[in-house]
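Okay, so here's the structure we're looking at.
Values quoted throughout were computed directly from the atomic coordinates according to the rules given, and no laboratory measurement underlies them. Keep in mind it's a predicted model, so treat the numbers as computed, not measured. All Cβ positions, glycine included, derive from the backbone under ideal geometry; neighbour counts span all protein chains shown.
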Amino acid sequence: MKLKKALVQVYTGCGKGKTTAAFGLALRARGAGLSVAVFQFAKAKRYSEHEPLGRLGIYVKQCGRGCFIKKSPSKKDISLAEAGLAEARKIIFSKKYDLVILDEINISLKLGLLKTREVISLIEKKPAGVELVLTGRYCPKSLFRHADLVTDMRCLKHPYSRGIEARKGIEY
């Protein structure tokens, strides 16, 4: 099955659920026979979803060092993000994948790992049959007009504020 009209979706905001929403969409797309690729920017840690995604035939590529970037990104951080975007671009234009998720790309833009104009150019030139999803906090407003759907996840209450740490299988 191929998409007749593929769109651009953005999941942003400070609330929980951006990556979870994108992976739920990946599961739905795969269940409908679509091919899916996921690029995780600024991440290199193994997460609970990787193994089942692989079993479903969903391609997952991490484009980070696996540590939280607290200050200015290193040259290695920038290089990994740029290489990830270059591979994502190749996959998008190969038209072999119906859905491509750029997880945490918005964080990569905020940190200066990637340039917003490069992502906008990618959106503007993407093939008509490839659905593109961008996730992460701090999505630049300049990307909003290039998206067909923008969801801003807000945090109204979170267990972290009560001292409950991230739980395997739920938050990661």
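Details
- Residue ID - nearest to Val10 (Cα to Cα), chosen from residues in segment 63-103 that are out of contact with any Asp or Glu (no Cβ under 8 Å at 6 or more places or on another chain) and of a type in the set (Val, Ile, Thr): Ile101
- From Ile78, Ile91, Ile105, residue being surrounded by 12 or more Cβ atoms within 10 Å (Cβ to Cβ), in contact with a Phe, Trp or Tyr (Cβ under 6 Å, 6 or more places away or on another chain), among the β-branched types (Val, Ile, Thr) and over 29 Å from His158 (Cβ atoms): Ile91
- Test: residue in segment 49-57 that is touching a His at 6+ places or on another chain (Cβ under 8 Å) and either closer than 24 Å to Leu27 by Cβ or of a type in the set (S, T, N, Q) (or both): no
- Of the helices (runs of 4 or more DSSP H) entirely within segment 20-117, those holding at least 2 residues that are more than 27 Å from Ile170 (Cα to Cα) and in contact with a helix residue (DSSP H, G or I) (Cβ under 8 Å, 6 or more places away or on another chain) occupy 75-94.
- Within segment 10-62, the set of residues being charged (D, E, K, R), within 18 Å of Met153 (Cα to Cα) and over 10 Å from the mean Cα position of the chain (by Cα) comprises Lys16 only.
Per-residue answers, yes or no, for (1) of a type in the set (Ser, Thr, Tyr); (2) under 14 Å from the mean Cα position of the chain (by Cα); (3) exposed (fewer than 14 other Cβ atoms within 10 Å of the Cβ):
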| residue | (1), (2), (3) |
| --- | --- |
| Leu132 | no, yes, no |
| Thr135 | yes, yes, no |
| Ser142 | yes, no, yes |
| Pro159 | no, no, yes |
| Glu165 | no, no, yes |
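- When segment 17-53 is limited to residues that are β-branched (Val, Ile, Thr) and in contact (Cβ under 8 Å) with a residue 40 or more places away in the chain, the one that is farthest from Lys76 (Cα to Cα) turns out to be Val36.
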